[in-house]
Amino acid sequence: SSLNDVDWEITGTTQARISGTTVNVTRGSKLVNAVLHAYLGDYEKRSLVSIYPEIFNGTGTEADPYIIADFNDMKKLSDATNSQGMSFDGEYFKVTADIDMQNDATFPIISDASSCAFAGVFDGQGHSIKNWKFNNVNTDDLWSALFSFVAKDGVIKNLNIDKSCSLKFHRNAASLVSALMGTIDNCKNYAEVYTA
């Protein structure tokens, strides 16, 4: 038998359609999981298909990294790691300008759980995080940082935390990375950091 003898069906999303033996995918703004069913006679095989969102400019390769250009892009990265569980394993990011965090005290940290530790390569290109105000002193939250958890293949490099930032942590925290299993290279912190 050949692929042409197989009946195909996909369920769980309208972002994927089957044409013959080809699955055509439309990427949205959120991670979507679908199930691809292959039927051959009385046999059925199911495969999980994850359709990753199109969040940033760029394709995430080393030659064409995802672009982090502003505070909105930082919020998108935080949402992707925290709400959608995306680790960005083997994918690349490039910061193209200093990031003004706009004194937003509600900015959620990136990769806030070990289950979604950041596993990509984040290149700040010498740019700085500015005007980041963070204060969780009156909570029991641990592992706070710009990136809470960085996986063994994760890399944060060429990024600075500017002196305009105000960082107050409960404990087990740091300005850039709190729990590091990967690599930090050529990063500097100029902000005052207070821990309870």
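Within region 17-59, how many residues are open to solvent by less than 70 Å² (accessible area, probe 1.4 Å), under 23 Å from residue 81 (Cα atoms) and either in contact (Cβ under 8 Å) with a residue 60 or more places away in the chain or outside any loop (DSSP other than H, G, I, E, B) (or both)? Selection size over region 17-59: 6.
Is at least one residue of region 160-167 within 27 Å of residue 91 (Cβ to Cβ), at pLDDT 85 or above and either among the basic types (Lys, Arg) or open to solvent by 40 Å² or more (accessible area, probe 1.4 Å) (or both)? No, region 160-167 has no match at all. Going through (1) without any contact (Cβ under 8 Å) to a residue 60 or more places away in the chain; (2) open to solvent by 10 Å² or more (accessible area, probe 1.4 Å) one by one, residue 145 falls short only on (2).
Residues that are more than 20 Å from the chain's Cα centre (by Cα) and of a type in the set (D, E, K, R) were ranked within region 138-176; the one that is nearest to residue 116 (Cα to Cα) is 141. When region 1-16 is filtered for residues that are in a loop (DSSP other than H, G, I, E, B) and touching a residue at least 12 places away in the same chain (Cβ under 8 Å), the ones remaining, listed by number, are 1, 6, 12, 13, 15. Within region 165-191, the set of residues being touching a Ser or Thr at 6+ places or on another chain (Cβ under 7 Å) and outside any loop (DSSP other than H, G, I, E, B) comprises 167, 169, 178, 179, 189. Checking each residue in region 56-76 for being charged (D, E, K, R) and farther than 17 Å from residue 28 by Cβ picks out 62, 64, 70, 73, 75.
Restricting attention to region 105-122, does a residue exist that is open to solvent by 60 Å² or more (accessible area, probe 1.4 Å), without any contact (Cβ under 8 Å) to a residue 24 or more places away in the chain and over 23 Å from residue 87 (Cβ atoms)? Among the residues of region 105-122, at least one is open to solvent by 60 Å² or more (accessible area, probe 1.4 Å), without any contact (Cβ under 8 Å) to a residue 24 or more places away in the chain and over 23 Å from residue 87 (Cβ atoms), which makes the answer yes. Those strands (runs of 3 or more DSSP E) of region 79-164 in which 3 or more residues are farther than 20 Å from residue 69 by Cα occupy 147-150.
Applying the criterion of being farther than 16 Å from residue 141 by Cα and within 20 Å of the chain's Cα centre (by Cα) to the residues of region 177-196, the residue that is most open to solvent (accessible area, probe 1.4 Å) is 181.
The values are calculated or read from the model by the stated rules, or taken from the named source; none is laboratory data. None of the values given here were measured: they were computed from a predicted structure. As a convention, Cβ positions derive from the backbone with ideal geometry for all residues, glycine included, and neighbour counts pool all protein chains shown. Accessible surface is based on the protein model in full, side chains and every heavy atom, while ligands, DNA and RNA are left aside. Shrake-Rupley method; radii C 1.70, N 1.55, O 1.52, S 1.80 Å.
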